[in-house]
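Below is one structure; the comments refer to it alone.
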Amino acid sequence: MLIRTGFEIAIDCPKPTPMLLSMYPHVSNAAPHFGSDAIHIEAPATIEEFSDMFGNRCARIEAPTGPTTLWSDCIVEDSGAPDPYDWNARQHEIMDLPVEVLPYLTASRYCESDELVDKAWEMFSHAAPGWARVQAISNWVNNNVTFGYRFARPMKTALDVFRERSGVCRDFAHLFITFCRAMNIPARYASGYLSDIGESAESPGDFCAWSEVFLEGKWHVFDPRYNTPRIGRILMVRGRDAADVAMITAFGNYALTLLRVWTVQVDDTQSYDQLTEMMRSRPDSEALILDGIPRPI
């Protein structure tokens, strides 16, 4: 399956502003089927690529004074299969875990697992260790947290989400991760593109946050926001929580004036010339703006 992914972000800076960007497809993805996954900037500025401590592809720029547009657009190949699951996947004892997994057992900036240990064991100890317990956590978060962009705020933590029972996709992921870690299950934060391919109401797609849990010797995708396997999940970044993998980290003030994201299936019978012609313009997609205020991701 071929999927066209990309974004257009418009920002406005009152003065030259250094920024770190985490908006590339993850290194674990195959090379683009067509086009380039580079980030482009419509301004006289240099984009310097680097890898962060988690192995994510990142960039450093100095956005100039005034309006600037950042964009990326390419066609990637996907298996077309929904997220895999393994109901029999077992939970490891802590002493049997690979050492590189251990950082995903402890509390982090947005995931205060140490403050929810008692509550987690009270709520989920009845479920069998392993996939069943993780699924019980995902079910609870999906059923008890209300999704809404109006509930988003930059400093909202998992404990806030638990108390308020509302949030956006990153808040669902943070609370899920926190409960898992509180029960000695390694869990990490992930985000990227998520299409609506195969869903009853298809749209151009969006950026989305989800989670990955370490069971039976490998990482598995869990998405408590949707709580069902999805097609066309294109990973961009992984970290302990959203603090590690913010899409834009700015060292100064800026205004986000436009955000468009597209994640749409492409006819894989098209010729090279047809694909070239299609890529000459960015696809139509809804601007993620509500009443002049950029929609939180």
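The values are calculated or read from the model by the stated rules, or taken from the named source; none is laboratory data. It should be emphasised that the depicted structure is a prediction, and the values quoted were computed from it without experimental measurement. Quick reminder, even Gly has a Cβ in these numbers, built from the backbone with ideal geometry, and neighbours come from all protein chains shown.
The sole residue among VAL237, VAL213, VAL266, VAL261 that is more than 15 Å from PHE147 (Cβ to Cβ), touching a His at 6+ places or on another chain (Cβ under 6 Å) and touching a residue at least 40 places away in the same chain (Cβ under 8 Å) is VAL213.
Checked against the criterion of being buried (at least 18 other Cβ atoms within 10 Å of the Cβ) and in a loop (DSSP other than H, G, I, E, B), the range 33-55 has no qualifying residue. Quick one: would you say VAL221 is part of a strand (DSSP E or B) and either at pLDDT below 95 or touching a His at 6+ places or on another chain (Cβ under 7 Å) (or both)? Taking the combined requirement at face value, the residue does not satisfy it. Do we find that PHE251 is surrounded by fewer than 23 Cβ atoms within 10 Å (Cβ to Cβ), modelled with pLDDT of 95 or more and out of contact with any helix residue (DSSP H, G or I) (no Cβ under 7 Å at 6 or more places or on another chain) in this structure? Against the criterion (surrounded by fewer than 23 Cβ atoms within 10 Å (Cβ to Cβ), modelled with pLDDT of 95 or more and out of contact with any helix residue (DSSP H, G or I) (no Cβ under 7 Å at 6 or more places or on another chain)), PHE251 qualifies.
Every condition in (1) among the hydrophobic types (A, V, I, L, M, F, W, C); (2) part of a strand (DSSP E or B); (3) farther than 17 Å from CYS111 by Cα is met by ILE231 except one, and the failing one is (2). Count of the range 126-151 residues, restricted to those that are surrounded by 12 or more Cβ atoms within 10 Å (Cβ to Cβ), touching a Ser or Thr at 6+ places or on another chain (Cβ under 9 Å) and in a loop (DSSP other than H, G, I, E, B), is 1. Close contacts from the range 70-81, counting a first residue that is touching a residue at least 60 places away in the same chain (Cβ under 8 Å) and assigned by TED's automatic domain parsing to the domain that holds ALA255 and a second that is surrounded by fewer than 16 Cβ atoms within 10 Å (Cβ to Cβ) and among the basic types (Lys, Arg), with Cβ to Cβ under 8 Å and a gap of 6+ residues or different chains, come to TRP71/ARG282; ASP73/ARG282.
Inside the range 111-170, residues that are at pLDDT 95 or above, out of contact with any Gly (no Cβ under 7 Å at 6 or more places or on another chain) and of a type in the set (Lys, Arg) make up a count of 5.
Checking each residue in the range 222-265 for being aliphatic (A, V, I, L, M), in the same structural domain as LEU105 (by TED's automatic domain parsing) and under 18 Å from GLU199 (Cα atoms) picks out ILE231, ILE234.
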